[in-house]
Amino acid sequence: MSRTSAGSKHPVAAVLTPRGRGAIATIAVAGEPERLAEIPFRAVRGGGLEDLPVDRVAFGRWGHDVGEDVVVCRTGTQRFEIHCHGGPAAVERIVQDLRRCGVEAVEPFGFVRVTEGVVAAALAKAQAGARSLWTATMVVRQRDVWRSTVDRWRERLQDGSTQGATRARRRNPVATDEKWEQWRAEIAGILHWSEWARHLTEPFEVVVTGPPNAGKSSLVNRLLGYQRAIVYDRPGTTRDVVTGETVLHGWPVRFSDTAGVRPTDDVLEREGIRRALAAARRADLVLWLDDRTQPPVRLADWKDVVAGALVVDHKADQPRHPAWGHEEVAGVAVSSRTGEGIDALARRVVDRLVPAHPSAEQPLPLTRELTAWLRELDDALQRHRAEQVAAVLREA
Ligand SMILES: Nc1nc2c(ncn2[C@@H]2O[C@H](COP(=O)(O)OP(=O)(O)OP(=O)(O)O)[C@@H](O)[C@H]2O)c(=O)[nH]1
Ligand SMILES: [Mg+2]
């Protein structure tokens, strides 16, 4: 999966330590050594970077006039690390000097992409972004899945029918086309899981709506496990969209608590309801809360939202208002006061958000960059360009 040549066509650098003040910052550089010869580093013992053997650490000065104390480690023939004072000015100065020497500054995952390939970068990024132990485990398992997939794809490219595609097509056009179409179908099968894989690192958006005083804030607090939103026994307590993130059955979920929905002339309240509707229309899932202690509320503007929503029959600890007809009761019975039905609701939420699961061997498009790369590969396959396919595969 990783590149055979550790270096890139052009040198790149990335600040590996987080932004902001710190005792020490680390800047990693990878690239062709001759381009790096102009770098303004002098070791205390004498000599520049080009004189430094691999795996040797050198203390020295960076810059021509007023130098900066640095420790430089050559980590490979085309790799080194600069450890400098952690202040933003010192880091910026070194990055600027590197730029002047033709080194491109990239973010850390961009650095991994250039030095180790697109798959390694996607795995690193997805692992850093995983919100739960379960999602992190899923990502770690992808390491072997992707390794074997890329190995298999490389072998496929090397076998005569794809490498010598043009010749092979002349000999047996049908067989070659079939092979490439099979490959494209496999890529389509991976891209099918884009949304699923996106949520290994990005939360699902679940919007909690319903009439005023139905217990929306109470339910969101229950689901989050802490008092995120204000609960009060008067309708109209929540006026804006309040969000909080949690993990349900391993999946990251962001809940949005919204203003209660009812016909009103109050300008502020109307704005809150407008925002609630906009949030509901964007959501991955809407929870509509019925307050069973009050008569049913159904509003024309909200008809489509309620139709697609997971309905909650809320305040299940209380007797039902007599205005409820038998056929109108549709939701999962939940009480935010006693906790009854909360676990069942969490399960229903996850089942609605994630109705299907890929097999354990399924490679997943873990990041947008990996998805874009798969599309590039697919494009090269569609055009039957063996050299282009090989070039894209080299980036893996
Ligand atoms: N009996 C009972 N009361 C509840 C339950 N959940 C909330 N309540 C009460 O209902 C009232 C309103 O609760 P909130 O959570 O503020 O309701 P809301 O839907 O966010 O209200 P608005 O923000 O005003 O739209 C409070 O007095 C809560 O204590 C429940 O499960 N059972
Ligand atoms: Mg509220």
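Listed by position, the strands (runs of 3 or more DSSP E) inside region 274-379 whose residues that are open to solvent by less than 10 Å² (accessible area, probe 1.4 Å) number at least 2 are 285-291, 310-314. Before we move on, is Gly236 within 11 Å of ligand 2 (Cβ to nearest atom), of a type outside the set (A, V, I, L, M), in a loop (DSSP other than H, G, I, E, B) and crowded, with 23+ Cβ neighbours inside 10 Å? Here the answer is no, as Gly236 does not meet what is asked.
Condition check ((1) assigned to a strand (DSSP E or B); (2) near ligand 1 (Cβ under 8 Å from one of its atoms); (3) within 30 Å of Leu364 (Cβ to Cβ); (4) of a type outside the set (Ser, Thr, Tyr)) across all residues:
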position: Lys179; (1), (2), (3), (4): no, no, yes, yes
position: Glu186; (1), (2), (3), (4): no, no, yes, yes
position: Gly189; (1), (2), (3), (4): no, no, yes, yes
position: Leu219; (1), (2), (3), (4): no, yes, no, yes
position: Gln227; (1), (2), (3), (4): no, no, no, yes
position: Ile230; (1), (2), (3), (4): no, yes, no, yes
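Within region 195-216, the set of residues being assigned to a helix (DSSP H, G or I) and either open to solvent by less than 10 Å² (accessible area, probe 1.4 Å) or away from ligand 2 (no atom under 13 Å from the Cβ) (or both) comprises Glu195, Trp196, Ala197, Arg198.
Of the residues making up region 251-273, those that are part of a loop (DSSP other than H, G, I, E, B) and near ligand 1 (Cβ under 10 Å from one of its atoms) are Thr258, Ala259, Gly260, Val261, Arg262.
Being within 16 Å of ligand 1 (Cβ to nearest atom) and among the small types (Gly, Ala, Ser) is the filter; apply it to region 191-217 and report the residue that is farthest from Val150 (Cα to Cα). Explain how you work it out, then say what you get.
Applying the first criterion (within 16 Å of ligand 1 (Cβ to nearest atom)) to region 191-217 yields 206-217.
Adding the requirement that they be among the small types (Gly, Ala, Ser) leaves 210, 214-215, 217.
Values: Gly210: 49, Ala214: 53, Gly215: 51, Ser217: 48 Å.
Checking each candidate, the answer is Ala214.
Which of the residues spanning region 319-349 are away from ligand 2 (no atom under 16 Å from the Cβ), at negative phi, touching a strand residue (DSSP E or B) at 6+ places or on another chain (Cβ under 9 Å) and not aliphatic (A, V, I, L, M)? Spell out how you get there, then give the answer.
So the first thing to find is which residues in region 319-349 are away from ligand 2 (no atom under 16 Å from the Cβ), and the list is 319-333, 335, 338-349.
Pick out the ones that are also at negative phi and you get 319-333, 335, 338, 340, 342-349.
Cutting the leftovers down to touching a strand residue (DSSP E or B) at 6+ places or on another chain (Cβ under 9 Å) gives us 320-321, 324, 328-333, 335, 340, 342, 344-349.
Arg320, His321, Trp324, Glu328, Gly331, Ser335, Glu340, Arg347, Arg348, listed by residue number.
Taken across region 243-250, residues that are within 15 Å of ligand 2 (Cβ to nearest atom) and either under 30 Å from the mean Cα position of the chain (by Cα) or in a loop (DSSP other than H, G, I, E, B) (or both) do occur, with at least one present. Contact map, region 16-27: first residue outside any loop (DSSP other than H, G, I, E, B), second residue among the hydroxyl-bearing types (Ser, Thr, Tyr), Cβ cut-off under 6 Å, separation 6 or more or different chains; pairs are Ala25/Thr17; Thr26/Thr17.
Among the residues making up region 217-233, none is surrounded by fewer than 17 Cβ atoms within 10 Å (Cβ to Cβ) and in contact (Cβ under 8 Å) with a residue 60 or more places away in the chain.
Go through region 370-393 and count every residue that is among the small types (Gly, Ala, Ser) and within 19 Å of Glu195 (Cα to Cα). Lay out the reasoning, then the answer.
Initially, region 370-393 is screened for residues among the small types (Gly, Ala, Ser), giving 372, 380, 386, 390-391.
Then keep just the ones that are within 19 Å of Glu195 (Cα to Cα); that gives 372.
Going through region 370-393 one residue at a time, the tally reaches 1.
Okay, residues lined up against (1) polar (S, T, N, Q); (2) in contact (Cβ under 8 Å) with a residue 60 or more places away in the chain; (3) within 30 Å of Gly110 (Cα to Cα):
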residue	(1), (2), (3)
Glu328	no, no, no
Val334	no, yes, no
Ala346	no, yes, no
Arg352	no, yes, no
Leu364	no, yes, yes
Thr371	yes, yes, yes
Arg375	no, yes, yes
Ala380	no, no, yes
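Among the residues making up region 57-101, those that are acidic (Asp, Glu) and within 30 Å of the chain's Cα centre (by Cα) are Glu81, Glu92.
The values are calculated or read from the model by the stated rules, or taken from the named source; none is laboratory data. Only a predicted model underlies this, so the values are computations on that prediction, with no experimental measurement involved. Cβ sites come from the backbone with ideal geometry, for glycine too, and all protein chains shown count toward neighbours. To get the accessible areas, we keep the full protein, side chains included, count just its heavy atoms, and leave off ligands, DNA and RNA. Shrake-Rupley method; radii C 1.70, N 1.55, O 1.52, S 1.80 Å.
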